[in-house]
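Structure first, commentary second.
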Amino acid sequence: MTTGIMLRTIRTAIWFLILAAISPAGLRAQIVPGLDAIRVASGLTQPLFVTAPPGDSGRLFIVQQNGRIRILNLATGALNVTPFLTLTGLAAGGEQGLLGMAFDPNYAANGKFYLNFTVPGGAFGNGVTHVSQFTVSANPNIANATSERILLRFDHPQANHNGGWIGFSPRAGDANNLYIATGDGGGANDQGTGHIEPGGNAQSLTTLLGKMLRIHINSAAGTHTIPPNNPFVGVTGARGEIWAFGLRNPFRNSFDRQNGRMFIGDVGQSTREEIDVQQPTHPGGGENYGWRVREGSVQNPAFPGVPTPPGAINPIFDYPRSVGRTVIGGYVYRGQQIPNLRGVYVFGDFLGPDSGPGTGQIFTLNYNGTIASNFQNVTGQLFPTRAGGFTLSNPSSLGEDANGELYITDLSNGSVFKIVASPVKSDFNGDGKADILWQNTSGARAIWLMNGTTYGSSVSLGTVAISIVGSSDFNGDRKSDILWQDSSTGQRLIWLMNGTTHTSTVNLGTVATSWNIVGSSDFNGDGKADILWQNSSTGQRVIWLMNNTTHTSTVNLGFVATSWSIRNY
């Protein structure tokens, strides 16, 4: 009993020292530890969105702004050479083009899917939005390009603020109702040519602009109707398609597939970026999110003193321009591969705090239905600096596959990334399962490649005179490297490994022989291993924070009696 209390006390003291000693720059508070990203597709042209047909866990459909839809084979990791569909005659570039895609809930039976895109022309000459139905051909990997049926179309006063997202709700009783996000018509402050006064398009129920729309799809006939329970059906002068209003540019949105809650990422103008949620107090829609008078939770500085619209609802979360400039609404993670992430809302920002390429960010947020909390920037965790690795430039969307796993499209670098769990410690072949590293008293070293608890094969590393003291991923390639020490000289080495092949050796120098490496792990959440030391003479413990194989700083964990040894790293 006394030993157990002492052990818990020492553990608590160690963690207190860690938290006290490491600055915020060195150790980021993390709501979701153990996240990483892998690139699953590259060489794309302006990828804007990804999605998958219900129940189709083998394919990911990638929407490109230029009108092409590509298919990624998730089993092989290969992009189909022939696009699923190529739309021509688009008004593309800027904020226009092919912007959204949704599969019919009964796609497996009827082969129908829906697209949101812009074409040239219109009453203002700045483009027309089409929400159209298409069908797949006899080849499941090729759509019928001549099958378009236009369900809805509307003009844009200006070329920006097109919204573009479309999606079906998973809520019971809401089947076959397609939700469509529209921008306020563009320009600035929802005013000028094509903007209704007083109040602007977003506050007017006579226009489809600045809204979330809801229409009922008649898949058999290729037509749509207005659901009779839409909130403004029967209101004089109001468009019955309107589900919610007071939005500026709700570019990316989603439904929580577990409970049907709608999350809206509404891009701000000059003050705030916001996340709105359809509240339980308004299950029938009709919510007003406040634009153009409100921008996020504050007054739009362009309209000082103008009263907030009656009943306007604040976002669940918003952030200033010092954090980001173009919110990219995301998803509540409901997949199976990252248990730590389940129930967490993952979203992003296209530009970050400074305009230009290479500044995009990915965030996480907890929302319990009432309160949003634990906002975290996880960009560095997902995209650490890694040898021969990749970076995030400008995330244009997050998206789900059929199993609820999350992906990020990067408009600027033409890539799609998947959010995954951090590599398993001692995984040498990158299959996500731990392998076993052996050393013999003769100096022989070997790796057992494991499939769970089943032995697969053995790889000899030869005979080495010094001792293995750990294995972790030091260079961020998602495969374990090997940490060595010579107890007689104090020399420390890292073997960088490509699977089971030793590619190079990094000499960490010589340290007094009283200092022993007792393990390696990622202490600061940058996706790369750090080194944990203890001094056998004094009981002092320290962490070497590493950037790949470079020692960047040392964190002192204090002194613990030499009778105590760290064993769980």
Taking Thr76 and the conditions (1) crowded, with 20+ Cβ neighbours inside 10 Å; (2) at pLDDT below 95, which numbered condition does it fall short on, given that it satisfies the others? (1)
On the given criteria, is Gln336 in contact with a Gly (Cβ under 8 Å, 6 or more places away or on another chain), loosely packed, with under 14 Cβ neighbours inside 10 Å and not hydrophobic (A, V, I, L, M, F, W, C)? yes
Within segment 170-187, is even one residue among the hydroxyl-bearing types (Ser, Thr, Tyr), assigned to a loop (DSSP other than H, G, I, E, B) and surrounded by fewer than 19 Cβ atoms within 10 Å (Cβ to Cβ)? no
Condition set within 24 Å of Leu398 (Cα to Cα), polar (S, T, N, Q) and touching a Ser or Thr at 6+ places or on another chain (Cβ under 8 Å), scope segment 134-168, selection surrounded by the most Cβ atoms within 10 Å (Cβ to Cβ): answer is Asn162
Residues being more than 35 Å from the chain's Cα centre (by Cα), in contact (Cβ under 8 Å) with a residue 24 or more places away in the chain and surrounded by 15 or more Cβ atoms within 10 Å (Cβ to Cβ) - total across segment 493-548: 9
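Determine which member of the set Ile408, Ile436, Ile419 is surrounded by 18 or more Cβ atoms within 10 Å (Cβ to Cβ), more than 13 Å from Pro47 (Cβ to Cβ) and either at pLDDT 80 or above or hydrophobic (A, V, I, L, M, F, W, C) (or both). Don't jump to the end; show me each part of the working.
Numbers: Ile408 fails: more than 13 Å from Pro47 (Cβ to Cβ); Ile436 fails: surrounded by 18 or more Cβ atoms within 10 Å (Cβ to Cβ).
On inspection, the qualifying residue turns out to be Ile419.
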Given the criterion surrounded by fewer than 22 Cβ atoms within 10 Å (Cβ to Cβ) and assigned by the TED database to the domain that holds Asn403, identify the matching residue among Leu115, Leu85, Leu90, Leu98. Leu90
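Taking strands (runs of 3 or more DSSP E) that fall entirely within segment 525-565, which contain at least 2 residues that are at pLDDT 90 or above? So that I can check it myself, show each step before the final result.
Working: elements: 530-535, 540-547, 550-559.
Of the strands (runs of 3 or more DSSP E) lying wholly inside segment 525-565, those with at least 2 residues that are at pLDDT 90 or above span 540-547, 550-559.
If I filter segment 193-203 down to residues being in a loop (DSSP other than H, G, I, E, B) and touching a residue at least 12 places away in the same chain (Cβ under 8 Å), which single residue comes out as surrounded by the fewest Cβ atoms within 10 Å (Cβ to Cβ)? Quick ask: steps written out before the conclusion?
Quick first cut of segment 193-203, residues in a loop (DSSP other than H, G, I, E, B) only: 193-200.
Then drop every residue that is not touching a residue at least 12 places away in the same chain (Cβ under 8 Å), which leaves 193-195, 199-200.
Working: Thr193: 11, Gly194: 20, His195: 23, Gly199: 17, Gly200: 24.
Top of the filtered list is Thr193.
Give me the residue from segment 242-266 that is touching a His at 6+ places or on another chain (Cβ under 9 Å) and assigned to a loop (DSSP other than H, G, I, E, B) and, out of that set, surrounded by the most Cβ atoms within 10 Å (Cβ to Cβ).
Arg248
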Among the residues in segment 469-481, are any on the phi > 0 side of the Ramachandran plot, modelled with pLDDT of 85 or more and assigned by the TED database to the domain that holds Ser536? no
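Of everything in segment 311-322 that's in contact with a strand residue (DSSP E or B) (Cβ under 9 Å, 6 or more places away or on another chain) and at pLDDT below 95, which residue is nearest to Ser397 (Cα to Cα)?
Of everything passing the filter in segment 311-322, Arg321 is nearest to Ser397 (Cα to Cα).
Kindly indicate which of Thr271, Thr281, Thr206 is hydroxyl-bearing (Ser, Thr, Tyr), in the same structural domain as Asp104 (by the TED database), over 27 Å from Leu365 (Cα atoms) and surrounded by fewer than 24 Cβ atoms within 10 Å (Cβ to Cβ).
Numbers: Thr271 fails: over 27 Å from Leu365 (Cα atoms); Thr281 fails: over 27 Å from Leu365 (Cα atoms).
Sole residue among the options that is hydroxyl-bearing (Ser, Thr, Tyr), in the same structural domain as Asp104 (by the TED database), over 27 Å from Leu365 (Cα atoms) and surrounded by fewer than 24 Cβ atoms within 10 Å (Cβ to Cβ): Thr206.
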Only residues that are of a type in the set (Gly, Ala, Ser) and either in a loop (DSSP other than H, G, I, E, B) or exposed (fewer than 12 other Cβ atoms within 10 Å of the Cβ) (or both): list them for segment 439-456, please. Ser442, Gly443, Gly452
With segment 293-402 as the region, which strands (runs of 3 or more DSSP E) entirely inside it contain at least 3 residues that are over 15 Å from the mean Cα position of the chain (by Cα)? 317-320, 372-377
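At positive phi and either assigned to a strand (DSSP E or B) or without any contact (Cβ under 8 Å) to a residue 40 or more places away in the chain (or both): is that true of Gly100 in this structure? Break it down stepwise before answering.
On the way: at positive phi: no; either assigned to a strand (DSSP E or B) or without any contact (Cβ under 8 Å) to a residue 40 or more places away in the chain (or both): yes.
So Gly100 does not fit the description; no.
From the list Ser42, Ser57, Ser23, which residue is of a type outside the set (Phe, Trp, Tyr), over 18 Å from Ile142 (Cα atoms) and modelled with pLDDT of 95 or more?
On the way: Ser57 fails: over 18 Å from Ile142 (Cα atoms); Ser23 fails: modelled with pLDDT of 95 or more.
So the residue among Ser42, Ser57, Ser23 that is of a type outside the set (Phe, Trp, Tyr), over 18 Å from Ile142 (Cα atoms) and modelled with pLDDT of 95 or more is Ser42.
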Here the residues within segment 514-545 that are farther than 25 Å from Gln381 by Cα and small (Gly, Ala, Ser) are Ser514, Ser536, Ser537, Gly539
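Can you name the residue in segment 209-223 that is crowded, with 21+ Cβ neighbours inside 10 Å and of a type outside the set (Gly, Ala, Ser) and is also modelled with the lowest pLDDT among such residues?
We begin by selecting, within segment 209-223, every residue crowded, with 21+ Cβ neighbours inside 10 Å; these are 209-215, 217.
Subsequent filtering for residues that are of a type outside the set (Gly, Ala, Ser) retains 209, 211-215, 217.
Numbers: Leu209: 99, Lys211: 99, Met212: 99, Leu213: 98, Arg214: 98, Ile215: 97, Ile217: 92.
Checking each candidate, the answer is Ile217.
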Checking the structure you have, find out if any residue of segment 363-380 is surrounded by 15 or more Cβ atoms within 10 Å (Cβ to Cβ), of a type in the set (Val, Ile, Thr), modelled with pLDDT of 95 or more and within 22 Å of Thr51 (Cβ to Cβ). yes
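The values are calculated or read from the model by the stated rules, or taken from the named source; none is laboratory data. All figures in this text were calculated on a predicted structure; none of them were measured in a lab. All Cβ positions, even for glycine, are placed from backbone atoms using ideal geometry, and neighbour counts span all protein chains on display.
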